[in-house]
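Enquirer: A single structure is presented below for examination.
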Amino acid sequence: MQMSYLAVFLILLLPISCSSSALTLVEKKFKECLITQLGGNSESVEKIIFTESSSQYPQVLEAREQNTRWVNSSWKPILILAPFHESEIQAGIRCSKELGLQLRVRSGGHDYEGQSYLSEALFVMVDLINMRSIQVNLSDETAWLQAGASVGELYYQISKASKVHGFPAGTCPSVGIGGQFSGGGQGVMLRKHGLAADHVVDAYIIDANGKIHDRKSMGEDVFWAIRGGSATSFGVILAWKIRLVRVPPIVTGFNVRKTVEEGAKNLIHRWQYIAHELHEDLVIRVIAQNSGDKSKTLRVLFNSLFLGGGVDRLIPLMNKSFPELGLQAKDCTEMNWIQSVMFIAGYNINDPLELLLNRTTTSKDSFKAKSDYVKEPIPKDGLEGAWKMLLEEEASTVMIFEPYGGIMNEISESETPFPHRKGNLYNIQYLVNWKGNSNEEKHLLWAKMIYRYMTPYVSKFPRAAYFNYKDLDLGKNLHDNTSYSTASVWGEKYFKGNFRRLAQIKTKFDPQNFFRNEQSIPLLDAHPY
């Protein structure tokens, strides 16, 4: 990559002095470049650019920052670009290259490791908040959605257009579409319909030269890569075209809470043997957490969605496959699909659907997450140790168990970059949440300890992880460039045998490695600049 003399000078200067005058010079040069690229329209540039000296900068930066661990970081973007039009992103890419700056993209703000918020390298954040239109076309059962839209906005717009269509994306409404689809996108309909990325049929992406591609011009290799293989490693996604799925007019959900005294531990142990083999219309998630108070008790929730109709069909199915849970009609709620979205997200099903349009979570905490895949049921004594660790941590700790099986067993590991298909019983997400920055190191240590403890019980060679639950503990790229073999340490955990193909495609499509971050796809044969 060719850098200007100014960029080289600033990169040498800033780590030593971090002088405000040098930063101001970068801001000035970037703004001048942007104005030139956009035909001299300085007024429009002022509306889309926020520098650290701007009074609006803190508000724009923190507006959708879902993990408060990054709020006080000193490695913030030198400026934020909030475009209204694709041409403004194209200009931002060209100006970033000219000045030797990196570029990071924010869609919803749920980035687990804050890679769109902070970097030791000088970088520009592209905030897609102004690019979130959604167009549903029922004639061919598709929709075009800009990458800045949230999952909740997508669900809301589908429900306004149809009562018998839905989409199998995530459970948290405020998550951004741009990021979730590019990492796979698992949700409660995954056993019936697979991942969000499995239903992407076209996309628009801007490459490192500022050129816009659709599926045809990017080619099938790149189209394969961006559907679950880290789209931000290849370019800036402008929009996705998705294929909607049919949903029945009535679905059923239940929340069954169990205490230790009511046999919660035995129920989870039994759940491992049946959840992945249930009818694909039925998903039963398990959420186990500490009580969050001084009593230090284990709370367990069996959270379910049944796409096969009403209570009269669900109860017999449960009595046959999981009678130990003791499900009764009073535990169940019949509703339509969009109400089930509210139900799974923790809202009351009669709450206003407009709550799905909220771009921020109800409470903003600091958190750390890790993930695993389980291929064999964990013995009771193994689970017992995990429960003990959940209760030992003073902060809020959670283990979320998401069952696989169903259609996931029928999709090849190489169909998309997301490889975690047949043979996985379930996915585990470990979460620790805390207020502010108090005892952060202690909480981070807890996450590492439970992950280490679970080693004998989870997938091996590689020990697999879900890319959307980013975890820099698995390894990260060097500041400028990383060899393929070095990146494989973390890359094969996320992508298994698909990692090499991703690197081959990256090398061809972005040979200068302009789009890079701590866990971006590397070039196949990386060389320092």
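The values are calculated or read from the model by the stated rules, or taken from the named source; none is laboratory data. Every value quoted in this text rests on a predicted model; they were computed, and no experiment measured them. Here the Cβ is made from the backbone with ideal geometry for all residues, glycine too, and neighbour counts use every protein chain on show. Protein only, heavy atoms only, side chains kept; ligands, DNA and RNA dropped before computing areas. Shrake-Rupley method; radii C 1.70, N 1.55, O 1.52, S 1.80 Å.
Enquirer: What percent does the relative contact order of region 212-309 come to when contacts are Cα pairs within less than 8 Å and at least six residues apart? Walk me through the numbers before you get to the answer.
Expert: Working: 93 pairs, mean separation 31.2, N = 98.
Normalised by residue count, the contact order of region 212-309 is 32 percent.
Enquirer: Reachable lysines from LYS258, Cα under 16 Å, same-chain residues fewer than 8 places away excluded?
Expert: Those lysines meeting the cut-off are LYS296, LYS330.
Enquirer: Probe 1.4 Å, all protein chains in place: accessible area of ARG215 in Å², nearest 10?
Expert: Result for ARG215: roughly 80 Å² accessible.
Enquirer: Give me, ordered by chain and number, the residues 5 or more places off SER396 or on other chains with an amide H under 5 Å from its own placed amide H.
Expert: Those qualifying (amide H under 5 Å, at least 5 residues apart or on another chain) are ASN433.
Enquirer: While we're looking at this one, here's another question. Report, by chain and number, residues whose modeled amide H sits under 5 Å from the one on SER150, excluding near sequence neighbours (fewer than 5 apart, same chain).
Expert: ILE177
Enquirer: Once both axes come from the Cα atoms, what is the angle between helix 151-161 and the longest principal axis of the chain, in degrees from 0 to 90, rounded to 10?
Expert: With both axes taken from Cα atoms, the answer is about 70 degrees.
Enquirer: In square angstrom, rounded to the nearest 10, how much accessible surface does GLU220 have for a 1.4 Å probe?
Expert: 100 Å²
Enquirer: Would you tell me the accessible area of LYS460, worked out with a 1.4 angstrom probe on the heavy atoms of the protein chains, in Å² to the nearest 10?
Expert: LYS460 has an accessible surface of roughly 100 Å² with all protein chains in place.
Enquirer: Ok, one more. Against the 2.2 N^0.38 Å scaling, with N counting residues, where does region 138-222 land? I'd like the Cα-based Rg ratio to two decimal places.
Expert: This ratio for region 138-222 stands at 1.14.
Enquirer: Under 21 Å between alpha carbons, and skipping anything fewer than 8 positions from LYS47 in its own chain: which lysines qualify?
Expert: Cross-link targets: LYS28, LYS29, LYS31, LYS76.
Enquirer: I'd like the GluC sites (Glu not before Pro) in region 232-316 restricted to DSSP loop residues with at most 10 other Cβ atoms within 10 Å, sorted by number.
Expert: For GluC sites (Glu not before Pro) across region 232-316 that sit outside H, G, I, E and B with at most 10 neighbouring Cβ atoms in 10 Å, the list reads GLU261.
Enquirer: Nearest 10 degrees, 0 to 90: what angle lies between the long axis of helix 499-509 and the longest principal axis of the chain (Cα atoms)?
Expert: 30 degrees
Enquirer: Turning to a different aspect of this structure: Once you charge only the Cβ atoms, +1 for Lys and Arg and -1 for Asp and Glu, what is the size of the charge dipole of the chain about its Cα centre, to the nearest 20 debye?
Expert: With Lys and Arg at +1 and Asp and Glu at -1, about 520 debye.
Enquirer: Can you run phi through the Karplus equation (6.51, -1.76, 1.60; θ = phi - 60°) for region 452-460 and list ³J(HN,Hα) in whole Hz, with x for Gly and Pro?
Expert: Ordered by residue, 3J(HN,Hα) equals 5, 4, 7, 3, x, 9, 10, 4, 9 Hz.
Enquirer: Which order do you get for ASP331, ASP372 if you rank them by accessible area with a 1.4 Å probe, largest at the top?
Expert: ASP331, ASP372
Enquirer: Another question, then. Have a look at ILE93, SER230, GLY382 and report the one farthest towards the positive end of the charge dipole of the chain, computed about the Cα centre with Cβ charges (Lys/Arg +1, Asp/Glu -1).
Expert: Checking the options against the dipole of the chain, the answer is GLY382.
Enquirer: Next question, about the same structure. Counting only protein heavy atoms, what percent of the accessible surface of region 18-132 is carbon or sulfur at a 1.4 Å probe?
Expert: Exposed carbon and sulfur together represent 47 percent of the surface.
Enquirer: Then there is this: Starting from the Cα gyration tensor of region 17-77, multiply each eigenvalue by 5, take the square root, and state the resulting semi-axes largest first in whole Å.
Expert: Ellipsoid half-lengths, sorted descending, are 24, 16, 8 Å.
Enquirer: May I ask you to derive the relative contact order of the chain, considering only C-alpha pairs under 8 Å and at least 6 residues apart, and to give it as an integer percent?
Expert: Relative contact order of the chain: 15 percent.
Enquirer: Rounded to the nearest 500, what is the chain's calculated 222 nm mean residue ellipticity when only DSSP H runs of at least 4 contribute -39500 (n - 2.57) each, over all residues? Before the final figure, lay out the partial values.
Expert: On the way: 17 runs with 172 residues, N = 529.
About -9500 deg cm²/dmol.
Enquirer: Take the alpha carbon atoms of region 247-282, find their center, do the same for region 39-64, and report the distance between the two centers in whole angstrom.
Expert: What the calculation gives is 48 Å, centre to centre.
Enquirer: Moving on. How about region 75-174: which GluC sites (Glu not before Pro) there are in a DSSP loop, with at most 15 other Cβ atoms within 10 Å of their Cβ? Before the final figure, lay out the partial values.
Expert: Values: sites: GLU86, GLU88, GLU98, GLU113, GLU120, GLU141, GLU153; in loops: GLU113, GLU120, GLU141.
Listed in order of number, the matching sites are GLU120, GLU141.
Enquirer: Accessible area of region 377-502 with a 1.4 Å probe: how many percent of it is carbon plus sulfur?
Expert: 55 percent
Enquirer: Among ILE158, PHE495, GLY346, which residue has its Cα furthest toward the positive end of the charge dipole of the chain, with +1 on Lys/Arg Cβ and -1 on Asp/Glu Cβ?
Expert: Going by the charge dipole, the pick is PHE495.
Enquirer: Tell me which lysines have Cα within less than 20 Å of LYS496's Cα, excluding those fewer than 8 residues away on the same chain?
Expert: LYS370, LYS375, LYS422, LYS460, LYS470, LYS476, LYS506
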